[in-house]
Amino acid sequence: MKSDIAASAAYCHDNIIELDRVSFAYKDQQVITDLSLVIKERDFVGVIGSNGAGKTTLLRMMVGLLRPSAGEIRLFGQPVRRFRDWERIGYVPQKNSFNPLFPATVREVVMSGLYSNKKLFKRIGKHDQQKCDDALEVMSIGDIAGKRIGELSGGQQQRVFLARALINQPDLLILDEPTVGIDAQTQADFFELIFHMHAHHHMTFLMVSHDIEMIEGYLGKEPRERAGGIKFYARHSHEQDCAIPGLQHSLL
Ligand SMILES: Nc1ncnc2c1ncn2[C@@H]1O[C@H](COP(=O)(O)OP(=O)(O)OP(=O)(O)O)[C@@H](O)[C@H]1O
């Protein structure tokens, strides 16, 4: 029993993202300086910072699109340049980075979350269709699966992008200002949904947001870390119970 508990505690505290003395500069503009940060399994980390503070740059480094000028980033324990397991990461973009005229249906958009380079040339099988149905059901958008994405409200579109990010049942969900351009009530519903997911499912969250009230409401008023103009707020989803086996939940 003791070894079960130890194994579970270790399992719950794996490092998901590690930044080890990371710096970044665009030509002569220093954006991130000597940042160290560890995000562990089942953490929810909220990133707040003024325009131009470097939040997008940081996300881009974390997923390997930009290389730090100094320091190292590890994803799931592996240096990001060697990391290949991208299905473990779901990504929800800013709403306003999406072209509403894009002529795809909700089902097609959600299915596109399955395509990594590996799967691009493979036929979509029954199992893939089932994964899509499950993601649509979890987000309560099964009834609009045949609609064009451009016909939907902002809140519905965000649910579609969340379903797309969840289709591979990722261990880590990254959200980049997911509620920009959405009305206050729909924003509140969206936050409630992801905070619920954090509390009840075995996932880790990293979210950039300008909504300080919402972030402080869920993650507390004291940031865990600061880097220049960026603040990192964090909360672990079951602080007291990490050592108890059997608390892992699957999402779908
Ligand atoms: N490709 C680039 N080339 C040169 N400078 C850049 C580039 N991308 C961003 N910058 C600069 O780096 C700084 C950080 O930009 P970044 O987009 O990471 O900030 P941000 O915190 O995400 O801002 P916002 O809240 O406005 O999205 C800014 O001063 C920006 O002008």
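The values are calculated or read from the model by the stated rules, or taken from the named source; none is laboratory data. What you are looking at is a predicted structure, and each value in this text was computed from that prediction instead of being measured. Backbone-built Cβ (ideal geometry, glycine too); neighbour counts: all protein chains shown. Side chains included, ligands, DNA and RNA excluded: accessible areas come from the protein's heavy atoms. Shrake-Rupley method; radii C 1.70, N 1.55, O 1.52, S 1.80 Å.
Kindly list, by first and then second residue, each pair from a residue in the range 81-93 that is more than 26 Å from residue 155 (Cα to Cα) and open to solvent by 80 Å² or more (accessible area, probe 1.4 Å) to a residue that is part of a loop (DSSP other than H, G, I, E, B) and among the basic types (Lys, Arg), limited to pairs with Cβ atoms under 8 Å and residues at least 6 apart or on different chains.
81/67
Is it the case that some residue within the range 61-81 is over 18 Å from residue 29 (Cβ atoms) and of a type in the set (Lys, Arg)?
The initial filter retains those residues of the range 61-81 that are over 18 Å from residue 29 (Cβ atoms), namely 62-64, 72-81.
From what's left, of a type in the set (Lys, Arg): 74, 81.
Yes: one or more hits.
Only one of (1) under 17 Å from residue 208 (Cα atoms); (2) within 16 Å of the ligand (Cβ to nearest atom) fails for residue 73. Which number is that?
(1)
For the range 153-175, state whether one or more residues are open to solvent by 40 Å² or more (accessible area, probe 1.4 Å) and either more than 16 Å from residue 90 (Cβ to Cβ) or aromatic (Phe, Trp, Tyr) (or both).
yes
Tell me which residues, restricted to the range 55-96, are of a type in the set (A, V, I, L, M) and outside any loop (DSSP other than H, G, I, E, B).
Result: 58, 59, 61, 62, 70, 73, 75, 89, 92.
Scanning the range 55-65 for residues that are more than 9 Å from the ligand (Cβ to nearest atom) and within 24 Å of residue 237 (Cβ to Cβ), which turns out most open to solvent (accessible area, probe 1.4 Å)?
First, pick out the residues of the range 55-65 that are more than 9 Å from the ligand (Cβ to nearest atom): 61-65.
Those left that are additionally within 24 Å of residue 237 (Cβ to Cβ): 62-63.
On the way: 62: 3, 63: 43 Å².
Taking the candidates together, the pick is 63.
Tell me, please, whether a residue that is among the charged types (D, E, K, R) and within 12 Å of the ligand (Cβ to nearest atom) can be found in the range 91-105.
Checked the range 91-105: no residue is among the charged types (D, E, K, R) and within 12 Å of the ligand (Cβ to nearest atom).
Based on what the data block shows, is residue 146 surrounded by fewer than 17 Cβ atoms within 10 Å (Cβ to Cβ) and in contact with a Gly (Cβ under 7 Å, 6 or more places away or on another chain)? Outline the logic, then answer.
Values: surrounded by fewer than 17 Cβ atoms within 10 Å (Cβ to Cβ): yes; in contact with a Gly (Cβ under 7 Å, 6 or more places away or on another chain): no.
In short, no.
Tell me which residues, restricted to the range 34-54, are within 15 Å of the ligand (Cβ to nearest atom), crowded, with 18+ Cβ neighbours inside 10 Å and assigned to a loop (DSSP other than H, G, I, E, B).
53, 54
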